[in-house]
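Below is one structure, written out as structure tokens, with a few remarks after it.
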Amino acid sequence: MLQVFTDVKVIPVVELNETYNGYAWDFYNHGVSVAIQRDNRLKAGDDFRLLQDFLLVLKAIKTSLLELWPINGQDVVLQTFTAVEYNFRSKFNNAFGTNLGI
């Protein structure tokens, strides 16, 4: 029998009784910042900050995958995160008039 010992503080937990905001998903689908503010009840400026944070998370995941796995152009997970990060970044740059190459 295999036993694994870990600190419970490092295990991701999702609170099922919490309401989650779908701003990142909404933005990925249509890329309209005004609609994100209205539909998700965000203040002006919060949309930029939250979406930029999400973009940084996508970039960190992509970078981590590149570091963890050998470079393989056929890796489906890496291809998917690369495409998602690129599409999200493009929509972000278009919506906010930026050119974040982050």
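Could you please give the count of residues in the range 27-62 that are over 14 Å from Phe92 (Cα atoms) and not in a helix (DSSP H, G or I)?
4
The conditions are (1) in contact with a helix residue (DSSP H, G or I) (Cβ under 8 Å, 6 or more places away or on another chain); (2) part of a helix (DSSP H, G or I); (3) modelled with pLDDT of 85 or more, and Leu65 fails exactly one of them. Which is it?
So Leu65 meets the others, but not (3).
When the residues of the range 32-84 are narrowed to those that are in contact (Cβ under 8 Å) with a residue 40 or more places away in the chain and of a type outside the set (Gly, Ala, Ser), which ends up nearest to Gly22 (Cα to Cα)?
Taking the range 32-84 and keeping what is in contact (Cβ under 8 Å) with a residue 40 or more places away in the chain, we get 32-33, 48, 51-52, 55-56, 59, 84.
Checking the rest, the ones that are also of a type outside the set (Gly, Ala, Ser) come to 32, 48, 51-52, 55-56, 59, 84.
Details: Val32: 13, Phe48: 14, Leu51: 11, Gln52: 15, Leu55: 14, Leu56: 17, Lys59: 19, Val84: 16 Å.
Result: Leu51.
The values are calculated or read from the model by the stated rules, or taken from the named source; none is laboratory data. From a predicted model like this one, the values you see are computed outputs, not experimental measurements. Positions of Cβ are backbone-derived with ideal geometry, glycine not excepted, and every protein chain shown enters the neighbour counts.
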